[in-house]
Amino acid sequence: MRSAYLFLAPAMTAILIFFALPILAAFLMSFTDFDIYSLGDWSRARFIGLDNYWNLLKDPLFWKALKNTFYFVLVGGPLSITVSLGAAVLLNSKLVQFKGLFRLAFFAPVVTTLVAVAVVWRYVYHPRFGLMNYLLGFFGINPVDWLGDPTWAMPALIILAVWKNFGYNMIIFIAGLQNIPEELYEAAKMDGAGPFQQFWNITLPMLAPTTLFVAIITMIGYFQFFAEPYVMTQGGPLNSTLSIVLLMYQEGFRAWRMGYSAAVAFVLFFIILIGSLIQFRLQKDVNL
Amino acid sequence: MKKTLLHITLILIGILTLAPLLWMVSASLMPAGEANTFPPKFIPDNPTLEHYRTLFTRLNLLRYILNSVVVSVSITLISLLVNSMAGFAFAKFHFPGRDTLFKTLLSAMIIPAQVTMLPLFLLLKQMGVINTYIGVIIPGMASIFGIFLIRQYMLSIPDSLIEAARMDGASDFRIYWSVILPLAKPILVTLAIFTFMGAWNDFLWPLIVLTRDSMYTLPVALANLMGEHAQDTELMMAGSVLTILPVLIVFLVLQKYYIRGIMIGSVKG
């Protein structure tokens, strides 16, 4: 039993010092005015109660970042999950040949480096020479200034995120689909159910636990989006792609208002926490 | 008919997912200016490696590759050791508070890493490891996901093997090293790929900890390059190719293990 603690010691020490304690410290920090002067001498930081949080509520930039982040999560998340599920259902069909090849192609963007593909997509979205407008041209759609127009910048980032991520959830959905007993479909067919009814009455309910898991990890990931706006738009135009994490980064590591930035980080944490709790609750209702 | 339609749809999706990557490779081989034409070109007229040459000679890319390799390989090796030890303890030992501790760790997984970054930066500054490899490596040493992955796998290793080794007088550490680790090789490969790719692709933390140019990892260097060379499309594509290529190769060679990791991770969230 003593060796159990020895085996645990390195991991637990690292997690305690470099994960757990910083969380606690960040919480305390969010009640101080820790800034660039405190950086040299910690004792200069003063306890200011809830001021950072009150100031956040009065900060239009914070509301903008919050709105943008929710836009990204609530539109991008479901879109990405739908695409993943669609691709999984198609790939899972018995008729498909070269399954491995297709799976590989769909999955390739997942393993790429986000910063690098963000660089690539900046050119894909080029208003005059980019692939995106070229493609849309075939459908008679006029060129869009994707990253320069406040209306289109966020949809542009969402399309990139869906392209980059759908393969990951697709793999999880395929595993879920393979666990659904074949007899269910056969019985449904006997009862005269069409493909759409089978999907609605068998596939979707049977996939509910998988979908919950996918929804939670997707939500947590999407709430943390940062590299896309950092590389492609710097949060612009007109702050239309400023995300919570980008705001936290700018406040904390550019302006060195670390107390304020810690408050931003905690708001993010609480939102993710509440989001996860809601989804767990929904799952319980579904199971009952 | 149905089959043809299905395959056409799949091929279309495949083209959409691969097009940006293929165009990246193709544009990186075009002479300066050729990627900025309408309609877009997909095949370079006169392929050239000049941008790759520029990256290595004028823009110090070799140094960034080296930084990325050192950081990613170190994180991978250290975390394999640390996480496999902890996973072993959770899977094969009974000690008070084990299940509570494990559950606490699992629920802590929803805490976004960004929350830790401000104090972590101050702590590492105090330790004097800002702008060093160690500063980048430290937060990646232990991962809850890694411990979870390894524990799940080790649960399936029969206890009788451990008891037999113990009868032969093997110490616990000996059992871990000579009995358990060899049996856990598949999951170690899986975790190694996950960790390596995560470390290679990581952006926010290296961006925070590394402020000196010569220490940049590839993603940080690439983002920085974007600031000065946004107009040089072909050059930026060459930089992106070199950043993505290593992880893509690792994945292609070991994809079976990577996919398995996603599956195990999704069994119990």
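Compute the distance from the alpha-carbon center of region B:46-116 to that of region A:110-145, in whole Å. So the two Cα centres are separated by 31 Å.
Counting Cβ atoms of other protein chains within 10 Å of each residue's Cβ and taking the mean over peptide A:102-110 gives 6. Give the calculated FRET efficiency between A:Ile141 and A:Ala193 to the nearest 0.05, with a Förster radius of 30 Å applied to their Cβ-Cβ distance. Given R0 = 30 Å and the Cβ-Cβ separation, E is 0.20. The magnitude of the dipole of region A:116-227, with charges of +1 and -1 set on the Cβ of Lys/Arg and Asp/Glu and taken from the Cα centre, is near 480 debye.
For the residues of B:81-93, the average number of beta carbons from a partner chain within 10 Å of their own beta carbon is 5. Taking label positions 7 Å along the Cα-Cβ direction at both A:Leu104 and B:Glu228, the computed distance is 3.8 nm, reported to one decimal. Positive-end ranking of B:Gly261, B:Met127, B:Ala230 along the dipole of region B:60-267, with charges on Cβ about the Cα centre, is headed by B:Gly261. Cβ-Cβ distance of A:Leu6 and B:Leu62, R₀ of 25 Å, FRET efficiency by 1/(1 + (r/R0)^6): the value works out to about 0.05.
Amide hydrogen proximity for A:Thr32: with H placed 1.01 Å from N in the peptide plane, the residues at 5 or more positions away or on another chain lying under 5 Å are A:Ile48. Dipole orientation for chain B: of the candidates B:Ile8, B:Ile157, B:Val73, B:Ile157 has the Cα lying most toward the positive pole (charges on Cβ; Lys, Arg +1; Asp, Glu -1). Distances between every pair of Cα atoms in region B:135-269, grouped in 5 Å steps from 0 to the bin holding the largest one, split as 2, 9, 15, 14, 15, 13, 11, 8, 5, 4, 3, 1, 1, 0 percent. What you get for region B:60-267, charging only the Cβ of Lys and Arg (+1) and of Asp and Glu (-1), is a dipole of about 440 debye around the Cα centre. Using the average count of surrounding beta-carbon atoms within 10 Å as a protection proxy, the listed peptides A:122-128, B:95-101, A:146-152 rank, highest first, as A:122-128, A:146-152, B:95-101. Taking label points 7 Å from Cα along the Cα-to-Cβ direction, B:Lys125 and A:Glu183 give a separation of 6.5 nm. Separation of region B:134-170 and region A:213-265, taken as the distance between their Cα centroids, equals 35 angstrom. What separates the Cα centres of region B:242-267 and region A:160-174 is a distance of 14 Å.
For region A:60-287, the ratio of Cα radius of gyration to the globular rule of thumb 2.2 N^0.38 Å stands at 1.16. For chain B, the number of Lys pairs with C-alpha atoms closer than 23 Å, counting only pairs eight or more positions apart or on separate chains, is 7. When only the Cβ of Lys, Arg, Asp and Glu is charged (+1, +1, -1, -1), the dipole of region A:60-287 relative to its Cα centre reaches about 460 debye. Per residue, the convex hull around the alpha carbon atoms of region B:35-162 comes to 241 Å³.
Classify the protein assembly as shown as rounded, prolate or oblate, taking a ≥ b ≥ c as the square roots of the eigenvalues of its Cα gyration tensor: rounded when a/c is under 1.5, otherwise prolate if a/b is larger than b/c and oblate if not. In terms of gyration-tensor shape, rounded.
Chain B: percent of C-alpha pairs farther apart than 31 Å? Percent of Cα pairs beyond 31 Å in chain B: 43. Placing unit charges on the Cβ atoms of the charged side chains and taking the dipole of chain A about its Cα centre, the candidate lying farthest along the positive direction among A:Leu50, A:Ile220, A:Ala11 is A:Ala11.
Mean partner shielding of peptide B:223-235, defined as the number of other chain Cβ atoms within 10 Å of each residue Cβ, is 2.
Taking 14 Å as the cut-off, the amide N atoms of region A:166-209 that come nearer than this to a point 7 Å along the Cα-to-beta-carbon line of B:Thr9 belong to A:195-200. Applying a DSSP loop filter and a limit of 14 other Cβ atoms within 10 Å to the trypsin sites (Lys or Arg not before Pro) in region A:1-96 leaves A:Arg46, A:Lys94.
Where a number appears in this text, it was derived from the coordinates with a stated rule and is not lab data. On a predicted model such as this, the values are computed, not experimentally measured, just so you know. With ideal geometry, Cβ positions are generated from the backbone for all residues, glycine too; neighbour counts draw on all protein chains shown.
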